[in-house]
1. Could you check the stretch 498-530 and list, in sequence order, the residues that are open to solvent by 40 Å² or more (accessible area, probe 1.4 Å) and not basic (Lys, Arg)?
2. Restricting attention to the stretch 338-357, does a residue exist that is loosely packed, with under 15 Cβ neighbours inside 10 Å and touching a residue at least 40 places away in the same chain (Cβ under 8 Å)?
3. Residue by residue through the stretch 36-53, note down the ones that are open to solvent by 80 Å² or more (accessible area, probe 1.4 Å) and within 17 Å of Ala110 (Cβ to Cβ).
4. Taking the stated definitions as given, is Thr105 among the hydroxyl-bearing types (Ser, Thr, Tyr), open to solvent by 70 Å² or more (accessible area, probe 1.4 Å) and more than 60 Å from the chain's Cα centre (by Cα)?
5. Inside the stretch 325-337, can you point out the residues that are among the hydroxyl-bearing types (Ser, Thr, Tyr) and surrounded by fewer than 20 Cβ atoms within 10 Å (Cβ to Cβ)?
6. Any residue in the stretch 272-286 that's free of Cβ contacts under 8 Å to residues at least 24 places away in the same chain and surrounded by 15 or more Cβ atoms within 10 Å (Cβ to Cβ): show its pairings with residues that are aromatic (Phe, Trp, Tyr) and in a loop (DSSP other than H, G, I, E, B) at Cβ separation under 9 Å, as long as the two are six or more apart or on different chains.
7. What do you reckon, is Lys124 in contact with a Lys or Arg (Cβ under 9 Å, 6 or more places away or on another chain) and either at pLDDT 90 or above or open to solvent by 60 Å² or more (accessible area, probe 1.4 Å) (or both)?
8. Restricting attention to the stretch 54-76, which residues are open to solvent by 50 Å² or more (accessible area, probe 1.4 Å) and aliphatic (A, V, I, L, M)?
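The values are calculated or read from the model by the stated rules, or taken from the named source; none is laboratory data. These numbers were taken from a predicted model, which means no experiment stands behind them. In this analysis, Cβ positions are derived from the backbone assuming ideal geometry, glycine residues included, and neighbour counts consider all displayed protein chains. With ligands, DNA and RNA removed, areas are computed over all heavy atoms of the protein, side chains included. Shrake-Rupley method; radii C 1.70, N 1.55, O 1.52, S 1.80 Å.
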Amino acid sequence: MPGIEKLPIEETLEDSPQTRSLLGVFEEDTAAMSNYCTMLYQAMHRIYDAQNELSAATHLTSRLLKEYDKQRFPLGGDDEVMSSTLQQFAKVIDELSSCHAVLSTQLADAMMFPISQFKERDLKEILTLKEVFQISSDDHDTAINRYSRLSKRKDNDKMRAEAVEDVYTSRKKQHQTMMHYFCSLNTLQYKKKTALLEPLLGYMQAQISFFKMGSENLSQQWEDFLATIGTSVQNVRREMEEEVGHMQQTIEQMERSCDPLYAPCDPDPLHSPVCRTLTQKQGYLYVRNKTGLVSSSWERQYFFTQGGNLMQQGRAEVAGGLVTDLDNASVMAVDSDDRRFCFQVTSFDGKKVVTLQAESRKDCEEWIATINNISRRIYLSENAEEVAARVNQSAIEAVTPSPSFQQRHDSMRPASKSRAGRTGSISSVGSEPSPALSALSLDALVAPETPIQFDIISPVSEENAGHGKTAAQAGRRSNPFGESGDKTLESEDSILHQLFIVRFLGCMEVKNAESPDVIPETMRQILAARAIHNIFRMTESHLLVTCDCLKLIDPQTQVTRLRFPLSSVIQSSSHQDNKRLFGFVLHSASGHPDGRGAVCYILESNDDGEKICDSIGLAKQIALHSVLDRKASEKRKEQDKAKEKQKEELSKQKQIEKDLEEQSRLIAASSRPANSAAAGADGHFVVLSNSQSEDSDAGGDEGKKKGESDA
C-alpha cells in the first residue's frame with residue numbers, strides 16, 4: 001500500500017492558512033469519498049435486492065414445480081415422466097434456492113454491513129465534527145475580536161478578565177475540536193480503504209461459497225487472490241489501530257503543553273521572555289485599512305516574513321500577497337486611540353505606512369525586533385540568529401557600564417598623577433599616545449552619564465520670553481511660534497529653501513564639538529540606549545534648510561518645533577554604513593568658548609543623509625558669501641560717501657574763491673582816485689588782486705590734496 005497522507009495535529013494551535021488549505025484538501029477528499037460511497041452503496045444494495053429477489057424467485061419456482069402433480073390439466077394431466085422430471089428439477093432448484101438464501105445472508109453480513117457502517121457512522125461522524133469545528137472557530141473569532149476591541153482608555157479589570165476568559169475557553173475548545181477533527185480525517189484515510197475492500201471481499205467470498213456448493217471446479221487462483229486481499233486488509237486495520245493510538249497520545253500531550261498558550265496575553269512574562277534574535281516570524285495580526293478620510297477599519301490577517309518581504313494571507317487564500325519591502329524599512333511602536341499593542345512599518349522611501357496590532361506586548365516587541373533584524377539584512381547571513389544575537393548583545397554592551405566611565409577614570413588617576421612630568425616630555429617629542437589616553441578617548445567626546453533626550457521638547461516658552469524682550473526694545477511684533485520677525489532674514493531664505501522628511505532619534509550634550517568622531521559616537525550611544533530601553537517611537541518632522549537657520553516643523557500643524565541658527569552649526573555628517581542616519585553639532589546657549597557644552601542631534605531621514613549634510617554645508621557657504629557681499633557693499637557705500645563728501649568740500653572751496661575774488665573787485669572799485677596816481681594805485685590793486693587770486697588757487701589745491709588724503 002502507498003503512504004497515507006495525514007494532517008499535522010501539532011499545527012492545530014497555530015491554525016495557519018497553510019494548515020487550513022491542507023484541511024480544505026482533506027475535506028474535498030472526504031466529500032468526494034462520501035459521494036462515491038453513496039453510489040457504491042446503492043449499486044451493492046441493488047445486488048443484495050436482486051439476490052434476495054433471485055432467492056425468492058428460485059424458492060417460488062421450486063415450490064411451483066413441486067405442486068405440478070396437484071394441478072389438474074384438461075389434457076395430459078397424468079404424464080408421469082413429466083411429473084418426475086419436474087420433481088427432479090424442483091429438487092435441484094430447491095437446493096439452488098437454499099444456496100441463494102445462504103448467498104443473500106452472506107451478502108448482507110459481508111458486503112452490506114461494512115459499507116453501511118462506513119456510510120452511516122464514519123462519514124456522518126466527520127460531518128458532525130466539521131459542524132462543531134466550524135462553530136468553535138466562529139466562537140474563537142468572535143472572542144478574539146471582542147478582546148482586541150478593548151480600549152485602553154475605557155478598559156477595566158472586569159471586562160478584561162471576561163474577555164481573556166472568553167478567549168481562553170473558545171481557543172481551547174477550538175484547539176481540542178480541531179485535533180479530534182484532524183484525527184478523524186486521518187483515520188478516514190485508512191477506513192476508506194477498508195470500506196471499499198471489505199464489501200468486495202465479502203461479495204467475492206459469498207460468490208465463491210455459493211459456487212462451491214454447486215461446483216468444486218472453481219479455480220484455486222481466485223482463492224489465493226482473495227486470501228492475499230484478506231491479509232492486506234488485516235494489515236491495514238492493524239496499522240490504523242497503531243496510528244490511532246499514536247494520535248491519541250499526541251492529543252493528550254498537546255492538551256497538557258498548550259494550556260498556557262490559549263490565553264492571548266502571557267500571565268508570566270519572566271517565563272517566556274521576548275526573543276530579539278528572530279529573523280522570521282508569522283502569526284495573526286490586525287491591519288488597519290482606511291475606509292474614508294478619517295474613518296478606518298481593522299481586519300485580522302495572517303502575516304509572515306519571507307526573505308526581506310512582509311506577506312499577508314487570508315484564510316480562504318491559497319498563497320500570500322506582498323505587503324511591503326522590509327529592506328531598510330523602519331518600524332516603531334505607536335499609540336492608537338482604540339487599540340493596544342500597535343506598531344507601524346514604514347517603507348524605505350516613506351511612501352507606504354502599515355499599522356498593525358498584535359495580541360500581546362511580547363508579540364508586539366518580537367515583531368518589532370524581527371523587522372529591525374530583517375531591515376538590517378541579517379537574514380542574508382549564514383548564521384542569521386547568531387549574527388542577530390551578536391548585534392543585540394553589542395547594543396546592550398554599548399550602554400551597559402562594564403567597566404563604567406567612572407571606573408575607568410578612577411583606574412587612570414594614579415597613572416596620570418605619577419607620570420605628569422613624563423607626559424609633557426613624551427608629547428613634546430611627538431611619540432604615540434599611551435593606552436590610558438586612548439581608553440579615555442570616548443570620555444573626551446561625550447561626558448560620562450550624560451542624559452539623552454529621546455523626544456522633541458520645543459523651547460517655545462523660553463524663546464518667546466526672549467523674543468518678547470527684544471520686541472519691546474525694538475518695537476517689533478514677536479512671533480508666537482518662536483520665529484524671528486526680521487524681514488531681512490526671510491529675504492535671504494529665498495536663496496536656499498529645501499525640505500526633508502526626518503525622524504528625531506535623540507540628542508545629548510557632547511564635550512569635543514570639533515572632533516569628527518563625536519557624531520558617530522553619539523549615534524552609537526543613542527541607538528544602543530533605544531534598543532536597551534525598548535524605545536521605538538520616533539517623532540516625525542520636516543527639516544527646513546535655509547541660509548539663515550535649520551527648522552524642525554510639525555508636518556500636521558506646520559508649527560516650528562525647534563529653530564537652530566545656521567551660525568551655531570559646528571559640523572554635520574552621516575553614518576558610515578547606514579546613510580539614512582545623520583547628525584549635526586550645535587553650540588548650546590550656555591556653551592563654553594573651547595567647544596564644551598555643545599549639543600549633538602541625531603535624526604533619521606527617508607532619503608540619503610549625505611544629501612541633507614551637503615544641503616547644510618551649501619547653506620553655510622551661501623550664508624558666508626552673503627556676509628562677504630554685505631561687507632563689500634557696506635565698504636563701497638562708505639567709499640561713495642567719502643567721495644561725495646570730498647566733492648562737497650571742493651565745491652565749498654571754489655565758492656570761497658569766488659567770494660574772495662568778488663570782494664577784491666569791490667574794494668578796488670571803491671578806492672579808485674580821479675587822477676593818474678589813482679590809476680597807478682588801481683593797477684597796484686589789480687596786481688594785488690591777482691596775487692591774492694593765485695594764493696587762493698594755491699589754497700584750493702592744498703585743500704583738495706588734504707581732502708584726498710583724508711579720504
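1. If the condition is that a residue be open to solvent by 40 Å² or more (accessible area, probe 1.4 Å) and not basic (Lys, Arg), then Gln498, Leu499, Ile501, Glu509, Asn512, Glu514, Pro516, Asp517, Pro520, Leu527 are the ones that fit.
2. Within the stretch 338-357 (the criterion being loosely packed, with under 15 Cβ neighbours inside 10 Å and touching a residue at least 40 places away in the same chain (Cβ under 8 Å)), the answer is yes, since at least one residue qualifies.
3. Residue satisfying the conditions is Arg46 alone.
4. Answer is yes for this residue.
5. Looking only at the stretch 325-337, we keep the residues that are among the hydroxyl-bearing types (Ser, Thr, Tyr), and these are 330, 336.
Across the stretch 325-337, the qualifying residue is only Ser336.
6. Final answer for the pair search is none.
7. In short, no.
8. Result: Leu54, Ala56, Leu60, Leu64, Leu75.
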